[in-house]
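The values are calculated or read from the model by the stated rules, or taken from the named source; none is laboratory data. What you are looking at is a predicted structure, and each value in this text was computed from that prediction instead of being measured. All Cβ positions, glycine included, derive from the backbone under ideal geometry; neighbour counts span all protein chains shown.
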């Protein structure tokens, strides 16, 4: 048996683009954009824009007289975002940290942050930054997964549960941020208008392995001593046999300044 479980760790930009293009990604992103309700001539901000996945859509909605600002701190992500939007003059790509946004206070009409708060050091501080840079009446869209709700069907239910607990406690910095979004937004001073939950479903084992990191995370769980190696390898091998099912909950919160 090979020493490495599952698919290799993907290139981050390629991973984000592929996830956005998946059926589950397209579904929640379309809903998020509709709820954000970006209008012509507005200034729209994408915090943690990554490779620029959503910047062209935002640009289309603000029109030729609007402005779209994409902020990220990863040079590789910024390079890809610039490449993807090089022919879209209303898009500005800025390097910066979500805890100290390179945006003038009170200048943003619409802002979004999508699957970023689970990675940052202080989610509440990032939301305070969003409050600082948005205008009164601005609309903000937040979307984050709740990894405590990750389920992977297997006959060995105990190992599936252990795998989810390991993902929540060791793999993702703020694994349950999804359930906390509305509360954190309200504590920041935003008015929470809409809370939605969607459940991305994976029926293809290879797709789930690439997207959810089933093999990679099992490998580290074994190495860290959380799961016995033989047990973990049996569990992973069983996932490719017969019908596959995995899912988790993704929470979207729409609020206003």
Legend entry - Test set (1) part of a loop (DSSP other than H, G, I, E, B); (2) touching a residue at least 24 places away in the same chain (Cβ under 8 Å) - residue 253 fails condition number: (1)
Legend entry - Count - residues of the stretch 62-103 that are free of Cβ contacts under 8 Å to residues at least 60 places away in the same chain, within 20 Å of residue 123 (Cα to Cα) and not in a strand (DSSP E or B): 7
Inset, instruction - Determine, yes or no, whether residue 17 is modelled with pLDDT of 80 or more, part of a helix (DSSP H, G or I) and either in contact with a strand residue (DSSP E or B) (Cβ under 7 Å, 6 or more places away or on another chain) or crowded, with 16+ Cβ neighbours inside 10 Å (or both). - result: no
Legend entry - Filter result for the condition that a residue is part of a strand (DSSP E or B), under 17 Å from residue 37 (Cα atoms) and within 17 Å of the chain's Cα centre (by Cα), over 143, 138: 143
Inset, instruction - Would you mind finding the one in 169, 125 that is touching a residue at least 24 places away in the same chain (Cβ under 8 Å) and more than 15 Å from residue 246 (Cβ to Cβ)? - result: 125
Inset, instruction - Scan (1) touching a helix residue (DSSP H, G or I) at 6+ places or on another chain (Cβ under 8 Å); (2) not in a helix (DSSP H, G or I) for the single condition residue 210 breaks and write down its number. - result: (2)
Legend entry - Sole exception among (1) more than 18 Å from residue 138 (Cα to Cα); (2) in contact (Cβ under 8 Å) with a residue 60 or more places away in the chain for residue 47, by number: (1)
